[in-house]
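Taking it in order: structure first as structure tokens, then the write-up.
Every number here is computed from the coordinates shown, using simple stated rules; none is lab data. Computed from a prediction, not measured in an experiment: that's the story for all the values here. We place every Cβ from the backbone using ideal geometry, glycine too, and count neighbours over all the protein chains shown.
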């Protein structure tokens, strides 16, 4: 659940004010979702192929991509469940992948044989499992599983020779396993306290001795061990506003800051033999990636991808190739391979539907505006190409998920679809968003539905100041926590937004916080600390900030979208808010997908749901009259 600047589309002004922007071609929702999405990108043992997940068929399956020529081979053929690639099994022709059932998030790890047969390696019905990597000699995999206790994840080792699991760490104290030394003697563990603070420990598996290396309050995450286990690395924001990278010497406990800047270090790791270090920085809503040669101290200089954002990277075991996943604001992520010996960058995929001209889409712009109390709020802005004082357009405030998420620069098909059809979109990073320092991150604690909502309203005011915005036609839209913010706006400030689109948003905090999935146990206390404990007097405040109990205040049209298998925001949340708003005689549209969870990933569902969003907005925000059937 964790974060430079894109080229701005500037309003034509001054001497050029008479030049009319050519109207872009408008594309259908089907065209926008005939893009192809890719994820993963593990190198084959001989480093001639990449194992990826792709939704080319409408649902995610496994594919192999040839590094030599970019040719693609489909490996799995699921038409019901989504399959996500994990890795090749070292020294074999077997593959690992992860899948749940209908988006219920109970992920299992599967072994795929060359003949197409599969074995569920984590077969307990309610077992949630996560891949944890290979041991140093590539003869066994590590994984975490909650099969022993639904609330806690234990660590297992499973040799590839017989695939029989052995528990190597029993987690009885709500720890999170976050790293294992190469010699398999030391575990890195974290213990969550709040959504912004945790504790970091090194645990000796033989002696069972626990050593805390937390150095003051803050957030800590493991960043791996050196190849010889001399050093342990971690990222923290302790004592500082932004997260930085630290080296910890195992023998002496001596600590040294290895890298810091005025943005958060998101993650960092070493290549197979420590030749290269990767450092990713969340710089104003966009990734800034550094790959440094540890032998020379020099950074690897990749060829520049115009408007490019490197969102994923992995280095092959030979340390000769780098897989890069790069997106732009006008196209989904594509996969590239960079040869460290020849300095050749090769593009292997073309994800954007060839029917779409990227020049008809818009680049995202980072903007900032003052909120009600003068606090500067960052946002990602999408302005329609044809918007002008003579052609005013309606607008939407988009609110990200969370709490604690971040809207980032990059391709988002739904937003590009809406902008392509004439809606300006301001993706607000309200107080409480990640990526802008820990002070900003904590600003919405125990204050949800109040100041963070005002940040969204002041985003609306910023939109109204733009001379090409139709000031009377501004709505609010968001998913998950953003769905909550949408319904909070429609109930607590019912005159502010003309419409609201709630995508699987929380509407009853009392129920949601009481029905947290058991495997979130280590995080439950942290959520209660930030939001409130529903089993205490906090329940009064949680009642007061829950839109369901104030639905009688809703005046303007609402649309709700929900996955039936969502374990985080239960369908009953959406059922009840829809029924309550209907009692006001307010227009409500409701779309439920029986085979989705917390987020829609099947193309047919995205086409249906997101296409319906545009129809809803055209009807109630643009107020386009519905076509009447022709009469003979």
Exercise. Simple spin-label model, 7 Å along Cα-to-Cβ: residue 139 to residue 183 in nm?
Worked result: 1.8
For this session: Report the paramagnetic label zone for residue 193: residues of the range 205-227 whose backbone N is under 14 Å from a point 7 Å from Cα along the Cα-to-Cβ axis.
Result: 212-221
Exercise. Is the shape of the range 147-254 best called rounded, prolate or oblate, per the rule: a/c under 1.5 gives rounded, else a/b larger than b/c gives prolate, else oblate, with a ≥ b ≥ c the square roots of the Cα gyration tensor eigenvalues?
Worked result: oblate
Exercise. Where a ≥ b ≥ c are the square roots of the eigenvalues of the C-alpha gyration tensor, would you call the range 487-632 rounded, which needs a/c under 1.5, or, failing that, prolate if a/b is larger than b/c, or oblate?
Worked result: oblate
Exercise. How much length is gained if the chain between residue 582 and residue 66 is pulled fully straight, taking 0.36 nm per residue apart and subtracting their Cα-Cα distance, in nm to one decimal?
Worked result: 180.4 nm
Problem set entry | Helical contribution to [θ] at 222 nm, DSSP H n ≥ 4, -39,500 (n - 2.57), averaged over the chain, rounded to 500 | -4500 deg cm²/dmol
For this session: With N denoting the number of residues in the range 286-384, provide Rg(C-alpha) divided by 2.2 N^0.38 Å, to two decimal places.
Result: 1.38
For this session: State the extension gain, in nm to one decimal, for the chain segment bounded by residue 450 and residue 520, taking 0.36 nm per residue of separation less the distance between their alpha-carbons.
Result: 22.6 nm
Seminar exercise, completed: For residue 575 and residue 26, extending 7 Å from Cα along the Cα-Cβ vector and measuring point to point gives, in nm, a value of 3.7
For this session: Return the FRET efficiency for the residue pair residue 274, residue 464: r is the Cβ-Cβ distance, R0 is 60 Å, and the value is rounded to the nearest 0.05.
Result: 0.65
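Please report 619, 286, 330 as a ranked list, fewest other C-beta atoms within 10 angstrom at the top and most at the bottom.
With the sparsest Cβ surroundings first, the list reads 619, 330, 286.
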Exercise. Which parts of the range 561-604 would a label at residue 539 reach, counting a residue when its backbone N lies under 15 Å from a point 7 Å out along Cα-to-Cβ?
Worked result: none
Exercise. What length, rounded to one decimal in nm, is gained on full extension from residue 249 through to residue 212, with 0.36 nm per residue of separation minus their alpha-carbon distance?
Worked result: 12.0 nm
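May I ask you to derive the FRET efficiency for residue 359 and residue 608 from their Cβ-Cβ distance with R0 = 41 Å, giving the value to the nearest 0.05? Show your work: numbers first, answer last.
Numbers: r = 28 Å, r/R0 = 0.69.
After rounding, the FRET efficiency stands at 0.90.
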Exercise. Ranked by Cβ crowding within 10 angstrom, fewest neighbours first, how are 128, 525 ordered?
Worked result: 525, 128
Exercise. Please state the equivalent ellipsoid semi-axes for the chain: what are the square roots of 5 times the Cα gyration tensor eigenvalues, largest first, in whole Å?
Worked result: 40, 29, 26
Problem set entry | Cα shape, the range 229-271, gyration tensor, a/c 1.5 rule | oblate
Exercise. Arranged by the count of other C-beta atoms within 10 angstrom, fewest first, what order do 93, 162 take?
Worked result: 162, 93
Problem set entry | Relative contact order of the range 78-130, defined on C-alpha pairs under 8 angstrom at six or more residues apart (%) | 26
Exercise. With the contact rule set at Cα under 8 Å and sequence spacing of 6 or more, what percent relative contact order holds for the range 532-632?
Worked result: 25
For this session: Using per-residue counts of other Cβ atoms within 10 Å, averaged over each peptide, order 386-392, 142-148 from highest down.
Result: 142-148, 386-392
